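The values are calculated or read from the model by the stated rules, or taken from the named source; none is laboratory data. What you see is a predicted model; the values in this text were computed from it and never measured. Cβ sites come from the backbone with ideal geometry, for glycine too, and all protein chains shown count toward neighbours.
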Amino acid sequence: MNNFHKSPDFSLHIPPSMWNSFRQAMLSARKTNEEVIGFLFCQRHQISKRQIRYFPKAWVVPAPDCYEHQSAYGLALKEEFHLYLLENYLSKGRLDVVHVHTHAGQETPCFSCVDDKYESEYARFLSSNFPDKHRLISGVFDESMQQSEFRIWHKKGNSCEAVNFYPSWFEIAQEQNCLPESDLMFARQKVFGEVFQRQLSELTVTLIGCGGIGAVFAEQLGRLGVKKWLLVDPDRLEVVNLNRMPGATRQMADQQWHKVEYVKQLIKKIYSTGSCVKTIPNSIEHKTAEREIAASDLIVVATDNHRSRQVAQELALKYMRPLVCLGTHIDIKPDGVPRMYCRVTVPPLGGGWCLMCGNIINLQRAALEAAPVEIENLASQAGYLEGINDPAVFWLNSICASTGVGVIQGMVSGFLNVEEGLDWIYQFPQCQWQHTNTDYLKTPDCYFCSSDDRDLA
Ligand SMILES: [Zn+2]
Ligand SMILES: [Zn+2]
């Protein structure tokens, strides 16, 4: 046992809807062939010395006529097709190759010695024939693609290590077995499945901003079943917050509770035991926040300033965490009629567009806020300022928070596809939801989210 040379934990995440398409393609290819091969081309993401995550950028399941021969002793792709595949995808950046194949039968598959020999040669071939020294991850599934084993090969092809596979955005177990005792509290949600309920109870959610939207969001996602939280907010409760914070009292405001402590109490009221709530009564830019946020499954930002949203987006990109952005806006037209909006934005995890290039936030305002926020926080801690900002009402915040909770339910269950990202805007009194066409948000050369730039960095 040598802890100094302990290798990192490897995980491979395939977003639910991509996983469904890949799995369907593999299963239908199995109709013509006993064994089939599929490829995923993945971006490697080093979270820490101890943790490396892989996310696919593309997948390919070759058609039957791409094979040289097929038998129980192994598969061989036609050489020219195989080279075309690798040259085409590996030239798109420092992607690593995931090679997936199936074994006959329904039992948990194991790599065979034929697999060992072939994959070892393949790992060597990849690292010696391409300038970026791509690595090989291999996976084997049973014939119905339920059970799997994954491993990553060393460049020399002489050893490998286990990889945890998640057909999910999140690091939560997928097995159907060993379900906990079903909780009567969730009897009315049973229709969504016990796996869904267990996934929620394992999910760790970072909430940045525990104000009018964040508090309602936490109350609702907590009631849905999320028990692990990281709360980040430097502010304290004030009397002006009491129009929109569920369960907040005058006494809490008088005692200047930190907003993170108030939201923690909301969660603790739902779960007197079994919940885990960490609080950071500080700015998201504080160093202690970054490590904790990186370790969480999902980032939700519900602050009222552009700067903190920018930082949340940068952290989400840096640590490849899904980001859900919630906001509301109210103004009064010259004729006295109010216009009310709420906005729910989920930028795509693998890049393509982000809060900055999608103009969801304003960079000039973010820059202006960067310095004054710190000064304002110092001033309000000293009791000099009362934070009366933009207009805000409980019911509009609730529409926004509820929709955000629904989006997360869809992401966990896989019934909502957020791979291209989403940006929904609700308008009142028109009472309309507008779905931004995310094709228009794509910005290939974005300073923040363009993956090519990050690879070269
Ligand atoms: Zn095999
Ligand atoms: Zn961008």
Any idea which residue in the range 23-39 is surrounded by the most Cβ atoms within 10 Å (Cβ to Cβ), counting only those that are more than 13 Å from ligand 1 (Cβ to nearest atom) and among the aliphatic types (A, V, I, L, M)?
Met26
Scan of the range 427-449 for residues that are polar (S, T, N, Q) and not in a helix (DSSP H, G or I), ordered by number:
Gln427, Gln430, Gln432, Gln434, Thr436, Asn437, Thr443
Going by the structure shown, is Cys354 surrounded by 22 or more Cβ atoms within 10 Å (Cβ to Cβ) and either touching an Asp or Glu at 6+ places or on another chain (Cβ under 8 Å) or in a strand (DSSP E or B) (or both)?
no
Lone qualifier among Leu221, Leu266, Leu231 - being within 27 Å of the chain's Cα centre (by Cα), surrounded by 13 or more Cβ atoms within 10 Å (Cβ to Cβ) and part of a strand (DSSP E or B):
Leu231
Filter result (among the aromatic types (Phe, Trp, Tyr) and either in contact (Cβ under 8 Å) with a residue 12 or more places away in the chain or over 25 Å from Ile14 (Cβ atoms) (or both)) within the range 415-430
Trp424, Tyr426, Phe428
Of the conditions (1) within 17 Å of Pro347 (Cα to Cα); (2) buried (at least 17 other Cβ atoms within 10 Å of the Cβ), the single one that Lys318 does not satisfy is (2)
Taking into account only those residues within the range 351-373 that are among the small types (Gly, Ala, Ser) and within 18 Å of Asn437 (Cα to Cα), which is modelled with the lowest pLDDT?
Gly351
Search the range 187-209 for residues that are in the same structural domain as Leu323 (by TED's automatic domain parsing) and pair each with any residue that is in a helix (DSSP H, G or I) and among the polar types (S, T, N, Q) when their beta-carbon atoms are under 6 Å apart and the residues are at least 6 apart or on different chains.
Phe196/Ser413
Note on Pro16: of the conditions (1) modelled with pLDDT of 85 or more; (2) buried (at least 17 other Cβ atoms within 10 Å of the Cβ), unmet is (1)
